[in-house]
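**Q** Okay, handing you the structure first.
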Amino acid sequence: MPELPEVQTIARGLMTELRGRRIMSFELLSSGAVEKGRGAMSPAQMSRYLPGALIRRVWRRGKMLCIDLITKREPLLHMCFHLKMTGRLVVVPAGSEPDRHTRIVFRLNDGRALHFADARKFGYCRVMAPDDLDRWPFYATLGPEPLEIGEDAFLRLFEGRRSQVKSLLLDQHFIAGIGNIYADESLFRAGILPHAQADSVEPQRLRALHSAIHDVLTEAIAANGSSISDYRDAHGDSGAFQNDFRVYGRYGEPCRICQTTLERRTVAGRTSTYCPTCQH
DNA sequence: AGATCTACCTGGTTGC
DNA sequence: TGCAACCAGGTAGATC
């Protein structure tokens, strides 16, 4: 389930593999993989615009991944992907057959191909001109980047918010890129219960949370992300951060700090695991 | 405003 | 072994 560190790892890998290459053809194997919407290119338009497009840059915003293209008709197009839970973007060698979950094939001028696969079909691709990217509601309303926001600005986000802390962390409009895994891990490190009411958490603990989020995300990026089931990077390789989880998915096991049995409850509709002793 | 529920989708796991 | 039930999860949208 790609969150910020996984998307960052994929973007980094794709940047290395794809920059300077050209897309030769676009083949949609599963209708619905191209998201419709105001300003979004239809598959027919993509078939006209993409062949010959030069891949200039691959970047990330929140959990969204974007490939910048230079085409004959448009000086810049943004090809955005949201991988949701099971989406993959993998560069495959020449002659590779798409697997059963591959939804889009982009053939490259060096014989290789970029495959967009998604077992659960929640993910999508969306191609837009720069103006349309800025007008895309999902993109335009994303919250700040957790690795860029300063401590003071981070604390200000919580002012007057009565929601449970974890539901705020999961809200992409509040802060972008954090999902269930890194929310649980950050809250544990900061000693805050996931269901704590935001405006009742002392500033000192919110500072700890700011720092915990930074540390968790940075460590996960260094480990090439976490692989639970479907996640693979641009080379098809797994990440390693799942070996460093302190609470996520460890319900019923002992806390690594105090040995208390970890508990779980549903917060913001998500299974949340925490230590009732270390977090309060 | 905030919490909760539903829809979307299917592979994997659990239970009978 | 076979099959049904259930769970996972990001986001949008509806409802209380």
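The values are calculated or read from the model by the stated rules, or taken from the named source; none is laboratory data. Because the structure is a prediction, the values reported are computed rather than measured. Virtual Cβ from ideal backbone geometry, glycine too; neighbours counted across all protein chains shown. Heavy atoms of the whole protein, side chains included, go into the accessibility calculation; ligands, DNA and RNA do not. Shrake-Rupley method; radii C 1.70, N 1.55, O 1.52, S 1.80 Å.
**Q** Tell me, please, whether a residue that is aromatic (Phe, Trp, Tyr), over 27 Å from A:Ala234 (Cα atoms) and away from DNA strand C (no atom under 11 Å from the Cβ) can be found in the range A:149-159. Before the answer, list the steps.
**A** We begin by selecting, within the range A:149-159, every residue aromatic (Phe, Trp, Tyr); these are A:154, A:158.
With over 27 Å from A:Ala234 (Cα atoms) added as a condition, the list becomes A:154, A:158.
Retained after the next criterion (residues that are away from DNA strand C (no atom under 11 Å from the Cβ)): A:154, A:158.
Yes, there is a match, as at least one residue in the range A:149-159 is aromatic (Phe, Trp, Tyr), over 27 Å from A:Ala234 (Cα atoms) and away from DNA strand C (no atom under 11 Å from the Cβ).
**Q** Restricting to the range A:116-128, name every residue that is touching a residue at least 40 places away in the same chain (Cβ under 8 Å) and assigned to a strand (DSSP E or B).
**A** A:Phe116, A:Asp118, A:Tyr124, A:Cys125, A:Arg126, A:Val127, A:Met128 - these are the residues of the range A:116-128 that are touching a residue at least 40 places away in the same chain (Cβ under 8 Å) and assigned to a strand (DSSP E or B).
**Q** Another question, then. Conditions first: (1) over 29 Å from A:Ile149 (Cα atoms); (2) under 15 Å from the mean Cα position of the chain (by Cα). A:Leu89 passes all but one, so which condition is the exception?
**A** (1)
**Q** Look at A:Arg161 and say whether it is in contact with a helix residue (DSSP H, G or I) (Cβ under 6 Å, 6 or more places away or on another chain), within 30 Å of A:Cys255 (Cβ to Cβ) and within 14 Å of DNA strand B (Cβ to nearest atom).
**A** Details: in contact with a helix residue (DSSP H, G or I) (Cβ under 6 Å, 6 or more places away or on another chain): yes; within 30 Å of A:Cys255 (Cβ to Cβ): yes; within 14 Å of DNA strand B (Cβ to nearest atom): yes.
In short, yes.
**Q** Can you name the residue in the range A:172-228 that is open to solvent by 30 Å² or more (accessible area, probe 1.4 Å) and part of a loop (DSSP other than H, G, I, E, B) and, of all such residues, is farthest from DNA strand B (Cβ to nearest atom)?
**A** A:Asn224
**Q** Follow-up question, since we're still on this one. If you check every pair at least six apart or on different chains, which have Cβ atoms under 7 Å apart with a residue in the range A:94-115 that is in a loop (DSSP other than H, G, I, E, B) first and a residue that is among the basic types (Lys, Arg) second?
**A** A:Ala94/A:Arg112; A:Asn109/A:Arg21; A:Asn109/A:Arg22; A:Asp110/A:Arg21
**Q** What do you reckon, is A:Leu65 in contact (Cβ under 8 Å) with a residue 24 or more places away in the chain, over 21 Å from A:Pro137 (Cα atoms) and either touching a Ser or Thr at 6+ places or on another chain (Cβ under 9 Å) or aliphatic (A, V, I, L, M) (or both)?
**A** Values: in contact (Cβ under 8 Å) with a residue 24 or more places away in the chain: yes; over 21 Å from A:Pro137 (Cα atoms): no; either touching a Ser or Thr at 6+ places or on another chain (Cβ under 9 Å) or aliphatic (A, V, I, L, M) (or both): yes.
No: the conditions fail for A:Leu65.
**Q** Among the numbered criteria (1) assigned to a strand (DSSP E or B); (2) under 16 Å from the mean Cα position of the chain (by Cα); (3) among the aromatic types (Phe, Trp, Tyr), which one does A:Phe138 miss?
**A** The single condition A:Phe138 does not satisfy is (1).
**Q** The conditions are (1) at pLDDT below 95; (2) more than 14 Å from DNA strand B (Cβ to nearest atom); (3) not in a helix (DSSP H, G or I), and A:Glu145 fails exactly one of them. Which is it?
**A** (1)
**Q** Looking at A:Phe106, is it assigned by TED's automatic domain parsing to the domain that holds A:Leu133, open to solvent by less than 70 Å² (accessible area, probe 1.4 Å) and within 16 Å of DNA strand C (Cβ to nearest atom)? Break it down into steps so the answer makes sense when it comes.
**A** Values: assigned by TED's automatic domain parsing to the domain that holds A:Leu133: yes; open to solvent by less than 70 Å² (accessible area, probe 1.4 Å): yes; within 16 Å of DNA strand C (Cβ to nearest atom): no.
Answer is no for this residue.
**Q** OK, next. Are any of the residues in the range A:47-60 touching a residue at least 40 places away in the same chain (Cβ under 8 Å), open to solvent by 50 Å² or more (accessible area, probe 1.4 Å) and assigned to a strand (DSSP E or B)?
**A** Yes; the residues of the range A:47-60 include at least one that is touching a residue at least 40 places away in the same chain (Cβ under 8 Å), open to solvent by 50 Å² or more (accessible area, probe 1.4 Å) and assigned to a strand (DSSP E or B).
**Q** Going by the structure shown, is A:Ser42 polar (S, T, N, Q) and open to solvent by less than 40 Å² (accessible area, probe 1.4 Å)? Step through it out loud before you land on a result.
**A** Numbers: polar (S, T, N, Q): yes; open to solvent by less than 40 Å² (accessible area, probe 1.4 Å): no.
Judged against the criteria, A:Ser42 is not a match.
**Q** Please state which one of A:Val58, A:Val90 is in contact with a His (Cβ under 9 Å, 6 or more places away or on another chain) and either modelled with pLDDT of 95 or more or more than 16 Å from DNA strand B (Cβ to nearest atom) (or both).
**A** On the way: A:Val58 fails: in contact with a His (Cβ under 9 Å, 6 or more places away or on another chain).
So the residue among A:Val58, A:Val90 that is in contact with a His (Cβ under 9 Å, 6 or more places away or on another chain) and either modelled with pLDDT of 95 or more or more than 16 Å from DNA strand B (Cβ to nearest atom) (or both) is A:Val90.
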